[in-house]
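A.B. asks: Below you will find the structure I want to go over with you.
Every read-out reported here was derived from the displayed coordinates using simple, explicitly stated rules and does not represent laboratory data. Keep in mind it's a predicted model, so treat the numbers as computed, not measured. Note that each Cβ is placed from the backbone with ideal geometry, even for glycine, and that neighbours are counted across all protein chains shown.
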Amino acid sequence: MPSSGSTGGGVFATTHWSVVVTAGDSASANAHEALQELCRTYWYPLYAFVRRQGHTPEDAQDLTQAFFARLLEKKYFRAADRNRGRFRTFLLTSLKHFLIHEWHRARALKRGGGQAHLSWDAASGETRYQLEPASELPAEKIYDQRWALSLFQKVLAQLRQEYVSAGKSAHFEELKRFLTEIPDEGAYMRTADRLHMAPASVAVAVHRLRHHYGELVREEIAHTVSDPREIQGELCYLIELVSQ
């Protein structure tokens, strides 16, 4: 497994947002693919933000899809500043501009009207939105929270898949709670009994799980910033968001 140090040097140069920023407004296939992957991961915080502006589910779906179509056509690449370029911030700023200046055009477009659609489950997005608790926080802050949750959920799914591929899905289901919980006295013993392991082996497995999870989180954050020096600050901010 790559270490957390893998986000430096040449490896960092291939991460998603840095590819997009470096490509600027060019026709780079790598930048286009990187941007598509980032949008597939983080579309929900955008959709939820549009809904919080008072748009109906149908209009929010159309607006979000139209925004992605414009983004994927590279209309906004030139606005990216590699010196202060968190993808999270760039995307929300671009969306706000789109809603202010182009919402009337986007609303008039029918789905499938020649736009380059991004594949995402709009129905599940509305279901998730309806389940969200009421909040007095500004829409921008809620957007950041949803972004953080999307990132951590993506990493957790990646980690789960690694365990499933290794034939250790039961281990993952037992150990994953220790990513967020401080074990009480006897927790490792109970887990060891269920997994038919020694308590000491469980403690080692939890340590390795936490370490690898941290690596994966840092690597995912590296995909959304343009400079490796931003990773630690972004990590602290995202942890603060989900802890509120």
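A.B. asks: When the chain is fully extended, how far beyond the present Cα-Cα distance does Val164 get from Met189, taking 0.36 nm per residue of separation?
C.D. replies: 6.7 nm
A.B. asks: Let me ask you something else. Of Tyr188, Tyr237, how do they rank once you tally other Cβ atoms within 10 Å and put the fewest first?
C.D. replies: Tyr237, Tyr188
A.B. asks: Using amide H atoms built in the peptide plane, which far-off residues or other-chain residues are under 5 Å from Thr224 H to H?
C.D. replies: Excluding prolines and chain starts, which carry no amide H, the hits are Trp17.
A.B. asks: Same structure, new question: Can you run phi through the Karplus equation (6.51, -1.76, 1.60; θ = phi - 60°) for segment 216-232 and list ³J(HN,Hα) in whole Hz, with x for Gly and Pro?
C.D. replies: So the Karplus estimates, Gly and Pro as x, are 5, 4, 4, 5, 5, 4, 4, 6, 10, 10, 9, 8, x, 5, 8, 4, 5 Hz.
A.B. asks: Each residue of segment 155-163 in turn: what ³J(HN,Hα) in whole Hz from Karplus with 6.51, -1.76, 1.60 and θ = phi - 60°, glycine and Pro shown as x?
C.D. replies: After applying 6.51 cos²θ - 1.76 cosθ + 1.60, I find 5, 4, 5, 5, 5, 4, 5, 4, 5 Hz.
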